[in-house]
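Visitor: Got a structure here, written out as structure tokens. Questions coming.
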Amino acid sequence: MTLRIGLPKGSLQQRTFQLFERAGYRISVSSRSYYPSLDDPELEAVLMRPQEIPRYVDAGAIDAGLTGLDWIMETGANVVEVCDLVYSKATARSARWVLAVAEGAAIKSPQDLQGKRIATELVNVTRSYLARFGVTAEVEFSWGATEVKVPDLADAIVEITETGSSLEANQLRILDTVLETNTKLIAGHGAWADPWKRKKIETLAMLLQGALLGEQKVGLKMNVSRKNLDRVLGLLPALRQPTVSPLTNPEWVAIETVLDERAARDLIPELSRAGAEGIVEYPLNKVIP
């Protein structure tokens, strides 16, 4: 038996492949192939646009897939949202679909868009957003290069952004956030009802989430004399509690812990000053809470 999974082609493809590799899967694909090869014979992958993955999962053509909350909402697909995988093409953050206008435009709020033209790839979500404000506007599908359509071809756009730098470079001003989105692992209801497929999907979810968490964490090892143990332990954060192991010298112990990578830079000098010796920082592939 195999689980057929859709992987996003395009901007998220490389980042998704890296995540699978950190999770322990060897994955490769030739430049002209839409069928990546994984070293798990129980997984069959197909590359497709993330916009299409919810529809195919909903229809049962594939069992599961990685796509964005935005495309689940845009397509109205009836799928099981198994877990959040918060990563994007450039950062480890969620992305935003924002309403933007030209910097000098008189439009100051969504209500000012009454009767205007808006270009976006996220047509249905944008229409629902405007309806919340009682606004009727012409929302047209944009095939790309959406930022350059304001102000000559459209009065406003709804576009996805991670940092806002592209919008700023095109002299656009953000009015509001329409939707915050992130990657999700989704499953079809048929696959989710199948015990074997559900277990396989849940295992995949655990490993991918662990890989994402592992990107943010590092491990620390150190030796500490018992007289300095309380001082060192007082400095250490941990998922539960640091591991303390005796050494052959009864006056010393070894400590091992996991912490945020960003915290390690400032913490290591403090640990050294508190009496820790032989401090080793090492990367983690996966962290399973």
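Visitor: Within segment 69-124, which residues are of a type in the set (Lys, Arg) and either farther than 19 Å from GLU162 by Cα or not in a strand (DSSP E or B) (or both)?
Guide: LYS89, ARG93, LYS108, LYS116, ARG117
Visitor: Look through ARG15, ARG32, ARG55, ARG26 and report the one residue that is of a type in the set (Lys, Arg) and modelled with pLDDT of 95 or more.
Guide: Residue meeting the stated conditions: ARG55.
Visitor: Quick one: which residue in ILE107, ILE27, ILE5 is among the β-branched types (Val, Ile, Thr), more than 16 Å from the chain's Cα centre (by Cα) and crowded, with 22+ Cβ neighbours inside 10 Å?
Guide: Every option except ILE5 fails the conditions.
Visitor: Let me ask another. List pairs: first residue in segment 125-143 and farther than 14 Å from ASP176 by Cα, second residue β-branched (Val, Ile, Thr) and assigned to a helix (DSSP H, G or I) anywhere in the structure, Cβ distance under 8 angstrom, at least six positions apart or on different chains.
Guide: VAL139/VAL123; VAL139/THR126; GLU140/VAL123; PHE141/VAL123
Visitor: If I filter segment 168-187 down to residues being under 30 Å from ASP58 (Cα atoms) and out of contact with any Phe, Trp or Tyr (no Cβ under 9 Å at 6 or more places or on another chain), which single residue comes out as surrounded by the most Cβ atoms within 10 Å (Cβ to Cβ)?
Guide: Checking each candidate, the answer is ILE186.
Visitor: How do the pairs read when you match residues in segment 259-280 that are in the same structural domain as PRO237 (by TED's automatic domain parsing) with residues anywhere that are small (Gly, Ala, Ser) and assigned to a helix (DSSP H, G or I), using Cβ under 8 Å and keeping only pairs 6 or more apart or on different chains?
Guide: If the second residue must be small (Gly, Ala, Ser) and assigned to a helix (DSSP H, G or I), the pairs left are ILE279/SER272.
Visitor: Which residue, of ALA211, ALA205, ALA187, is closer than 22 Å to GLN13 by Cβ and in the same structural domain as ARG22 (by TED's automatic domain parsing)?
Guide: ALA187
Visitor: Output the helices (runs of 4 or more DSSP H) that fall wholly within segment 163-244 and possess 2 or more residues being without any contact (Cβ under 8 Å) to a residue 12 or more places away in the chain, or say none.
Guide: Counting at least 2 such residues, we get 165-169, 195-216.
Visitor: Another one. I want to confirm something. Restricting to segment 56-68 and keeping residues that are outside any loop (DSSP other than H, G, I, E, B) and in contact with a Ser or Thr (Cβ under 9 Å, 6 or more places away or on another chain), which single residue is nearest to GLU140 (Cα to Cα)?
Guide: Only one residue tops the list, namely GLY68.
Visitor: Let me spell it out: the conditions are (1) in contact (Cβ under 8 Å) with a residue 24 or more places away in the chain; (2) closer than 21 Å to ALA211 by Cα, and ASP39 meets all of them except one. Which number is the exception?
Guide: Unmet condition: (1).
Visitor: Run down SER165, SER142, SER225 and say which single residue is surrounded by fewer than 14 Cβ atoms within 10 Å (Cβ to Cβ) and among the polar types (S, T, N, Q).
Guide: After applying the criteria, what remains is SER165.
Visitor: Further question: In segment 268-289, how many are surrounded by 12 or more Cβ atoms within 10 Å (Cβ to Cβ) and either touching a Phe, Trp or Tyr at 6+ places or on another chain (Cβ under 8 Å) or at pLDDT below 95 (or both)?
Guide: Of the residues in that region, 4 qualify.
The values are calculated or read from the model by the stated rules, or taken from the named source; none is laboratory data. Just so it is clear, the model here is predicted, and its values are computed rather than measured. Because the Cβ atoms are built from the backbone with ideal geometry, glycine has one as well, and the counts that use them run over all protein chains shown.
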